[in-house]
Structure formats: structure tokens, C-alpha cells
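Below: the structure, in C-alpha cells.
The values are calculated or read from the model by the stated rules, or taken from the named source; none is laboratory data. Only a predicted model underlies this, so the values are computations on that prediction, with no experimental measurement involved. Positions of Cβ are generated from backbone atoms using ideal geometry, with glycine treated the same way; all protein chains shown enter the neighbour counts.
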Amino acid sequence: MYFLIGVIILIVFVIGIYIYIKYRIRNVLDGAGFSGMNLKDIIDEARLEDQEVPKSLASMDRIYLKQIEKDFPDIHISELKRKAETILMNCFQAIEKKDSSSLKGKIKSFVEEKILEYQGKNVSFGNFKIHNTVISNYKKDKALATIYFSISFEYYLNTNGKEVKTQDRVKLEFIYVIDESELPQDITVLGIHCPNCGSPITNLGYKSCSYCGSQVQEVIGRVFTCNDIVSY
């Protein structure tokens with residue numbers, strides 16, 4: 001008898017908790033402007049917004065542009081931004097073709113990681129559209145000057161025939177070698193490879209490849225060169 005009463009009390013308690021939680025959730029949703037919507041509707045609306053609203057970018061153009069132009073009077077930021085956008089589109093074309101042979105360094109690694117991500121799937125990136133390109137950071141020391149560009153873009157990702165509109169963004173790193181003698185001896189981030197065997201050149205001071213002995217012509221001139229690209 002007491003056991004049955006205890007079970008009934010427990011059931012009533014659980015029902016009461018359920019009603020209370022449902023009531024609280026409803027109040028929160030009403031306060032957030034989701035009145036009359038169930039959870040599925042809310043999830044669908046959030047998914048639709050994620051597909052339609054471009055990824056946000058923190059533009060630092062106003063902060064860094066004048067300093068960059070002061071340090072490099074001949075620079076054309078608009079041209080460098082277009083170059084960044086072209087590199088981005090070339091990367092996605094390489095991902096679509098599953099071929100990174102024309103790329104080097106960290107750019108090649110970025111593409112190969114994406115290819116691996118879509119391994120076993122036929123993918124394409126239709127209606128590729130760039131929304132905005134901004135300066136997100138700028139650094140300069142005795143050895144290097146580095147400009148970081150952030151790009152927001154969209155495309156229709158087609159995976160094995162299933163198409164989904166996708167908003168995305170990346171950050172690209174452009175470097176300018178100011179003084180080779182000031183570079184750390186173990187620097188490996190410049191994406192320079194031997195033209196003979198393709199092995200990485202780990203130090204700009206090297207005049208020959210440590211793997212095959214071929215003479216290495218310096219490929220980093222007095223220009224900003226794209227060194228890295230990452231999704232974020």
C-alpha cells in the first residue's frame with residue numbers, strides 16, 4: 001500500500017517537473033520572439049539563417065591600413081585583396097578536382113586536408129560568391145611583415161548529388177621578407193620548395209637543397225606572398 005502511494009507521488013512529481021520545464025521553455029521562446037513555434041521550427045529557422053547570412057568579419061582596415069601604407073608606400077591593398085580572393089577560388093577548384101599538384105607549402109596542406117575530408121565523395125562548389133575581404137591583422141618586425149586577410153564567401157556544396165547552400169570564411173596570411181638575416185634559423189613557414197626534388201627549404205639562407213644538392217633560386221622577392229590559409 002505504501003509502495004503504491006510512493007509510486008503515485010513519484011509519477012505526480014515527474015509530471016509536475018515536466019509541466020514546469022515546458023512552461024519555462026515556452027516563456028523563454030516567447031521572450032525571444034519564437035511564440036507559437038515548436039522546437040523543429042526553431043531548428044529549421046536557425047539552419048536557414050546559417051545558410052543565408054554571411055559569416056561575420058572583424059574588419060581592421062581603419063586601424064592597420066594607414067600603417068601598412070606608411071611602411072610600404074607602393075602597396076596596393078585592393079590588388080592584394082583580389083589576389084587573396086583568387087588564391088581562395090583556386091584552392092576550392094583544386095579541392096573539387098582533388099588535385100593539389102600545382103600548390104605548395106601550407107596552401108597545399110589546406111587543400112589536401114579538404115580533399116581528405118571529402119574522401120570517397122564527389123563534391124562541387126557551385127555559384128561561388130565572395131561577400132567581403134578585409135584586413136584582420138598586421139604584424140611587422142625586423143625580419144617579416146605579415147598582413148592577414150579574412151574573406152567571407154558562400155557556395156552551393158554539392159555532395160554526391162545533394163546540394164546545400166553554405167556560408168564560409170577563411171583567413172590568409174601574406175608575408176614580406178624584410179631581412180633574411182633576422183629570420184629564425186629553424187623557420188619552416190615560407191612554403192619554399194626545391195625546384196628539382198620538391199623538398200621543403202627550411203631556411204632562406206640555404207643556397208642549395210639539403211636533400212638533393214640542387215642550387216636553389218630564392219623565390220621570395222620584395223613582394224607580399226601568400227604563405228598560409230586557414231578556415232575559422
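Would you confirm whether any residue within the stretch 58-69 is surrounded by 10 or more Cβ atoms within 10 Å (Cβ to Cβ), basic (Lys, Arg) and modelled with pLDDT of 70 or more? Among the residues of the stretch 58-69, at least one is surrounded by 10 or more Cβ atoms within 10 Å (Cβ to Cβ), basic (Lys, Arg) and modelled with pLDDT of 70 or more, which makes the answer yes.
For the stretch 166-181, filtered to residues that are in a strand (DSSP E or B) and more than 17 Å from the chain's Cα centre (by Cα), the residue that is nearest to ILE95 (Cα to Cα) is ILE175. Annotation: of all residues in the stretch 147-163 being of a type in the set (Val, Ile, Thr) and buried (at least 16 other Cβ atoms within 10 Å of the Cβ), the one that is nearest to TYR118 (Cα to Cα) is ILE151.
Of the residues THR159, THR166, THR133, the single one that is within 23 Å of VAL53 (Cβ to Cβ), without any contact (Cβ under 8 Å) to a residue 60 or more places away in the chain, touching a helix residue (DSSP H, G or I) at 6+ places or on another chain (Cβ under 9 Å) and among the β-branched types (Val, Ile, Thr) is THR133.
From the list ASN196, ASN203, the lone residue that is modelled with pLDDT under 95, farther than 30 Å from PHE72 by Cβ, not hydrophobic (A, V, I, L, M, F, W, C) and not assigned by TED's automatic domain parsing to the domain that holds PHE92 is ASN196.
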